[in-house]
Amino acid sequence: MATTEAAVSRSEIVNKYTELDQHGIVIAEYIWIDSEGNTRSKTRTLEPRDDGKQWDVETLPIWNFDGSSTGQAPGDNSDVYLRPCAVYPDPFRKGNNILVLTECWNHDGTPNKYNYRHECAKLMQAHAETEPWFGLEQEYTLLDLNDRPYGWPQNGFPAPQGPYYCGVGAGRVVQRDIVESHLRACIYAGVKISGTNAEVSKSQWEFQVGPCEGISMGDELWIARYILARVAEDFGVKVSLHPKLIPGDWNGAGMHSNFSTKEMRQEGGMKAIEAAIKKLEARHQEHIAVYGEDNEKRLTGRHETGAIDQFTYGVANRGASIRIPREVAAKGYGYFEDRRPASNADPYRVTGILMETIFGAV
């Protein structure tokens, strides 16, 4: 058996190549969302631009992929086109290398069935004068390669929730190194990640992104999800966004949405907040329809969730559909929190339907 001193770590081997001179070549990782709400990506290299500037959305080439392999196109007409829509520094390759978030388009110039960004962007543009701000809280669970949450007994369940939320110490939290790595990678990439914490179930964590204005909210959360999956991959860990992994008395994972407009953030904004909530109440089921799969397993009316078939709201009430923070009620302006979206919801659909319900369809 080789000694520890003689063993060469995999990272040391990889570093021999990542430190090589790229001679100005930019490595671009094109990222898209597939038919099941997962991120996919592939790599291309780009020559330096003739004008010496960095590659951006306007100058990056449109690319394509085999949509029949991702559930996004039939095999006899499988080309799906990738149109760049946002660019971020690459925290994995670093240097001048970039992450390129893209939209999926069909060969006939129409948005792909699973391209939810396109309609969301139109809504954001049409109502841009309202200056919509969003903040999304993304909960997730870390699993081993056998789909078992980390830190759980092999043939049972951990102790009831209580010690794990914002927990510190062995036996209370697991895989903090992944969480810390993800935080730093998002900051490097320019994602507006605003915080992170352990959640109520052992192996469940949360990060927050925002405030972001308009379409950038969906862009930033999708990139944060991609970075999380890549970081966890390096540790040999799986990320689950499923809202309810197991039955029983455990909170399901959500993706709570904080929302405000310029009017809501100004003196007397509570009137606009209350008017918006009334509009949300009238379209409760339409929101539930796009707020994530298996959400009924989470929105049970117990464990700080509202019932999926009822719309409720209240001040500082975490068991309501819509929560108005106590400080907002005291000041008379600010924002509200939509607690209904599940952790696997598409942020473009969540932010888009909020705008459509409150301000009207395009």
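Worth pointing out:
- Helical mean residue ellipticity (222 nm; -39500 (n - 2.57) per DSSP H run of 4+; nearest 500) of the chain: -7500 deg cm²/dmol
- Residues Ser69 and Ser11, FRET efficiency given R0 of 25 Å [Cβ-Cβ distance, rounded to 0.05]: 0.25
- Simple spin-label estimate for Lys113 and Asp177 in nanometres, 7 Å along Cα-Cβ: 4.2
- Among Arg230, Arg265, Arg326, the largest mean-square fluctuation in a Gaussian network model of the chain, built with springs joining Cα atoms closer than 10 Å, belongs to Arg326.
- Among Lys331, Lys16, Lys279: highest mean-square fluctuation, GNM of the chain, C-alpha pairs under 10 Å: Lys16
- Highest-MSF residue in the chain out of Glu19, Glu29, Glu129 [GNM, Cα springs under 10 Å]: Glu19
- Note on Val168: accessible area approximately 110 square angstrom, rounded to 10, probe 1.4 Å, nucleic acids and ligands left out.
- Using a Förster distance of 22 Å, the FRET efficiency for Asn197-Ala159 (Cβ separation, nearest 0.05): 0.70
- Probe 1.4 Å - accessible area at Lys94, Å² to nearest ten: 110
- Here the dipole of the chain is about 900 debye; that uses its Cα centre as origin and unit charges on the Cβ of Lys and Arg (positive) and Asp and Glu (negative).
- Sites Asp79 and Glu213 - FRET efficiency at Förster radius 45 Å, r taken between beta-carbons, to 0.05: 0.85
- If the chain linking Thr45 and Glu19 were pulled fully straight, counting 0.36 nm for each residue of separation and taking away their Cα-Cα distance, it would gain 7.7 nm.
- Listed values for segment 28-35 are Karplus-derived 3J(HN,Hα) couplings in whole Hz (6.51 cos²θ - 1.76 cosθ + 1.60, θ = phi - 60°), namely 10, 9, 7, 10, 9, 9, 8, 6, and x replaces Gly and Pro.
- Extension gain (nm, one decimal) between Asn146 and Arg326, 0.36 nm per residue minus Cα-Cα: 60.6 nm
- Under the span-like rule (Cα at least 24 Å along the axis, Kyte-Doolittle mean at least -1.0), DSSP H helices of the chain: 216-234
The values are calculated or read from the model by the stated rules, or taken from the named source; none is laboratory data. Note that the structure is predicted; figures quoted are calculated from it, not measured. Here Cβ is always computed from backbone atoms with ideal geometry, including for glycine, and neighbour counts include all displayed protein chains. Only protein heavy atoms, including side chains, enter the accessible area calculation; ligands, DNA and RNA are left aside. Shrake-Rupley method; radii C 1.70, N 1.55, O 1.52, S 1.80 Å.
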